[in-house]
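Student: So that we are looking at the same thing, I have put the structure below in structure tokens.
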């Protein structure tokens, strides 16, 4: 069955008109609600009183700074006297001087002190700086040749410098060697052993041999040990 074309066109027009009419109705409804909310139906003819709050006033009072008076401490109380009995009799001690003083006699004075011997002071003193410093016989190379690399340090790969401090006597001997910076592994002990065998020409002060404090580095290096 075929629907006439005229009826279809009429239905489409009705649909378009319906949508337009619906939109217009919604807009008018919203406008009426807005006007209704804004209009005051119970106007109050009485004038409203406006109250102005009074601001609180703050008064600043000037506070006078007070000074504390330091009073002197009260004097100590006097000591109460203790009564001493008067029955005790103090005997006067009489000193008898049997010796006769002869002012014409010459007075024997003690002998003057002996002058200090500079030579003794030079022998006992340990110098740090002298006019002519001590000289290592054979040089540092001679001491290095006496070094035997410790097996523990060799296995552990320990290398470095051991600083030893000691005293060179007036005879050129090494006294009291001490490690002031070590590397361990037996190298410290080996450095002291080698330095004890060293010989020096003693240092001179005022032309005389004296004791001098000395510091010497001993080098431990595995490459040098392997090549030797």
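Student: Looking only at region 135-175, which residues are crowded, with 17+ Cβ neighbours inside 10 Å, farther than 19 Å from residue 205 by Cα, without any contact (Cβ under 8 Å) to a residue 60 or more places away in the chain and more than 38 Å from the chain's Cα centre (by Cα)?
Tutor: Correct list: 150 only.
Student: Sticking with this one: Restricting attention to region 121-134, and to residues there that are surrounded by fewer than 12 Cβ atoms within 10 Å (Cβ to Cβ) and in a helix (DSSP H, G or I), which single residue is nearest to the chain's Cα centre (by Cα)?
Tutor: So, considering only residues that are surrounded by fewer than 12 Cβ atoms within 10 Å (Cβ to Cβ) and in a helix (DSSP H, G or I), the one nearest to the chain's Cα centre (by Cα) is 124.
Student: Can you confirm whether residue 162 is under 14 Å from residue 136 (Cα atoms) and in the same structural domain as residue 127 (by TED's automatic domain parsing)? Don't jump to the end; show me each part of the working.
Tutor: Numbers: under 14 Å from residue 136 (Cα atoms): no; in the same structural domain as residue 127 (by TED's automatic domain parsing): yes.
For residue 162, the condition - under 14 Å from residue 136 (Cα atoms) and in the same structural domain as residue 127 (by TED's automatic domain parsing) - is not met.
Student: Right, residue 218: within 38 Å of the chain's Cα centre (by Cα) and more than 25 Å from residue 125 (Cβ to Cβ) or not? Step through it out loud before you land on a result.
Tutor: Values: within 38 Å of the chain's Cα centre (by Cα): yes; more than 25 Å from residue 125 (Cβ to Cβ): yes.
Answer is yes for this residue.
The values are calculated or read from the model by the stated rules, or taken from the named source; none is laboratory data. Since we're looking at a predicted model, the values are computed, not measured. Don't worry about glycine lacking a Cβ; one is built from the backbone with ideal geometry, like all the others, and counts go over all protein chains shown.
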